[in-house]
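The next block holds one structure in the form of structure tokens; read it before the comments.
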Amino acid sequence: MANNKTFLKSVNQVFDEAASLLSLPEDLALKIKLANSIYKVNFGVRLRKNLYTFTGYRCVHSEHNEPVKGGIRYSLSSSEGEVEALAALMTYKCSLMDLPFGGSKGALIVDPHNWKHDELERITRRFTNELAKRDLIHPSQNVPGPDMGTDENVMAWMADEYRRLYPTEIDAMASVTGKPIALGGVDGRTEATGRGVFYSILEFLNNDKDRKKSKLRREIEGQRIIIQGFGNVGFHAAELLYESGAKIIAVIERDGSVVNEKGIDVQKLKKHFTRKRTFEGFDGFSTARGHFLSKECDILIPAATEGVIHKDNAAKIKAKLIVEGGNGPVTADADEILRKNGITVIPDFYANSGGVIVSYFEWVKNLSKMRYGLMQERDQEKRQSNLVAALEQMTSNSFPTEMKDEFIKGASEIDLVRSGLEEKMKEGYYAIHETFHSDRKIKSFRMAAMVIAVKKVAEAYKYLGI
Ligand code: NAD
């Protein structure tokens with residue numbers, strides 16, 4: 001696996017090439033590339049009769065738009081370099097997808113499974129205090145969300161702690177996204193990144209020009225898929241693909257894999273994994289892991305961690321398409337090898353942008369203090385009911401019962417969130433597709449996406465008083 005310095009180097013390598021393709025002045029390119037600031041904190045929490053010191057980071061990569069946005073990761077292997085690379089990716093992701101945010105990212109060096117629920121809550125609340133002191137959590141300046149090792153519980157504690165610190169701040173709940181619905185979250189945020197990965201695959205398959213190059217069939221049914229990482233992103237992507245008729249032939253986790261050429265029952269595997277936190281004991285379990293990344297398949301979705309496809313294993317990959325569910329799974333060196341071998345990579349800062357897209361919806365919902373669909377749902381239902389009644393009267397036939405409810409139903413929050421997410425993923429795909437096919441010097445989807453993202457950030461800098 002590549003180390004964290006390689007991760008930052010990889011992100012910057014793609015940036016440098018994009019800046020050169022755009023002929024950006026060197027001084028401006030340097031300003032955009034380097035993180036604005038990175039904050040490191042060591043704080044103590046008294047737990048189990050001991051004083052434990054935890055190290056946390058929050059990096060602000062670019063404030064050309066505010067608030068800056070980016071997840072908080074709980075992991076023992078996080079580091080300053082990793083957080084910086086992830087924050088830079090957030091800048092490019094938000095820019096590419098036209099979201100009104102700058103880029104940021106945070107991490108706490110902790111294994112969440114080593115601590116009880118209430119202990120993790122105390123650690124999280126202390127970390128939130130440290131971030132709040134420096135406005136590194138703030139509804140109009142810096143809005144964290146979930147990432148690897150964090151979930152809606154962690155986000156709820158952070159938001160609640162922020163609200164306790166600033167009880168008169170009317171927008172306090174907009175300081176964090178990825179919260180549970182009961183605390184101002186938006187329906188569909190939990191599944192959003194995996195769903196976005198799924199939509200990005202559909203866009204690719206629906207685009208004949210791109211798809212034919214990869215020798216993939218148009219239909220999702222029967223596509224043979226391998227997924228690495230069965231967490232938030234990996235599971236939700238797997239679930240949607242499975243429900244659409246794709247065959248998940250292998251899932252790779254930290255301590256082993258499950259392989260089944262006939263297709264894995266994703267729901268059953270999820271139940272097993274939730275209960276046991278390991279795949280061991282499930283049909284088709286094998287202790288091998290990395291080995292299965294190079295198993296022959298149609299689509300490979302690395303949705304765990306960075307640097308898993310690198311210069312030493314890239315030549316062995318036999319997938320036709322790689323969709324980066326996680327951040328940074330393919331290093332810059334590996335990218336080059338894959339491209340030469342005719343393997344297309346749908347890059348992370350497009351493919352996994354579903355999370356921040358729906359976080360954007362949540363943030364807007366929190367600022368507006370109103371759920372999506374509230375003003376339209378009944379009105380829509382009445383109009384559709386009237387239309388059905390008129391059609392029935394005019395034709396003297398009754399509307400097919402099995403379609404009637406679905407036809408009449410007004411759009412709920414989840415419908416609107418999914419529709420908005422799908423629209424954004426479509427827009428993003430076509431922007432990348434157009435740019436990629438418009439210039440022979442742009443050799444990959446990743447480079448096309450970076451060119452679009454950097455161009456927009458550079459445009460914004462024209463008007464900033466720097
Ligand atoms: P998660 O903690 O929910 O799940 C990650 C899973 O990957 C875990 O089950 C873990 O055991 C497994 N894993 C870790 N290292 C592994 C390895 N080397 N090999 C195999 N499995 C491994 O995390 P997540 O939220 O699903 O995030 C996964 C990736 O997606 C990260 O790169 C993250 O930055 C990125 N991402 C997440 C979101 C989000 O909304 N959660 C949004 C955008 C990008």
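Computed values, structure above
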{"read-out": "Accessible surface of the chain [probe 1.4 Å, protein heavy atoms]: carbon and sulfur percent", "value": "50 percent"}
{"read-out": "Segment 35-183, Rg to Rh (Cα coordinates; Rh as Kirkwood inverse mean 1/r)", "value": "0.95"}
{"read-out": "Calculated over the chain: convex hull of Cα atoms, volume per residue (Å³)", "value": "169 Å³"}
{"read-out": "Charged-residue dipole, Cβ positions (Lys, Arg, Asp, Glu), segment 35-183 about Cα centre, Debye nearest 20", "value": "520 debye"}
{"read-out": "Relative contact order of the chain, pairs being alpha-carbon contacts under 8 Å that are 6 or more residues apart, as %", "value": "16 percent"}
{"read-out": "Sequence-separation-based contact order of segment 35-183, relative, with Cα cut under 8 Å and 6+ spacing, percent", "value": "23 percent"}
{"read-out": "Heavy-atom accessible area per residue - the chain, 1.4 Å, Å²", "value": "45 Å²"}
{"read-out": "222 nm mean residue ellipticity, helices alone, for the chain (DSSP H n ≥ 4; -39,500 (n - 2.57); rounded to 500)", "value": "-15000 deg cm²/dmol"}
{"read-out": "Karplus-derived 3J(HN,Hα), 6.51/-1.76/1.60, for each residue of segment 170-184, Hz, glycine and proline x", "value": "5, 9, 3, 6, 7, 7, 9, 10, x, 7, x, 4, 4, 10, x"}
{"read-out": "Two-site FRET efficiency, LYS213 against ASN50, from Cβ-Cβ distance with R₀ of 60 Å, rounded to 0.05", "value": "0.55"}
{"read-out": "Leading residue at positive end of dipole, the chain (Cβ point charges), from ALA449, ALA107, VAL417", "value": "ALA107"}
{"read-out": "Under Karplus coefficients 6.51, -1.76 and 1.60, residue-wise ³J(HN,Hα) of segment 11-17 in Hz, glycine/proline x", "value": "4, 5, 4, 5, 4, 4, 5"}
{"read-out": "Sequence-distant residues sharing a close amide H with GLY71 (under 5 Å, placed H)", "value": "GLY106, GLY145"}
{"read-out": "Debye, to nearest 20: dipole size of the chain, +1 on Lys, Arg Cβ, -1 on Asp, Glu Cβ", "value": "840 debye"}
{"read-out": "Given LYS382/LYS409; LYS209/LYS320; LYS69/LYS105; LYS93/LYS455; LYS31/LYS311, the pairs whose alpha carbons are separated by over 18 Å", "value": "LYS31/LYS311"}
{"read-out": "Along principal axes, Cα extents of segment 295-350, largest first, whole Å", "value": "22, 22, 18"}
{"read-out": "Cα-based convex hull, segment 169-258, per residue volume (Å³, whole number)", "value": "137 Å³"}
{"read-out": "Debye intensity ratio I(q)/I(0), log10, segment 330-466, q values 0.13, 0.21 Å⁻¹ (C-alpha model)", "value": "-0.80, -1.22"}
{"read-out": "Whole-Hz couplings from phi, Karplus 6.51/-1.76/1.60, listed for segment 26-33; x for Gly and Pro", "value": "4, 5, 5, 4, 5, 4, 5, 5"}
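The values are calculated or read from the model by the stated rules, or taken from the named source; none is laboratory data. Quantities reported herein were computed from a predicted structural model and do not represent experimental measurements. In this analysis, Cβ positions are derived from the backbone assuming ideal geometry, glycine residues included, and neighbour counts consider all displayed protein chains. Please note that ligands, DNA and RNA were not included when accessible areas were found on the heavy atoms of the full protein model with its side chains. Shrake-Rupley method; radii C 1.70, N 1.55, O 1.52, S 1.80 Å.
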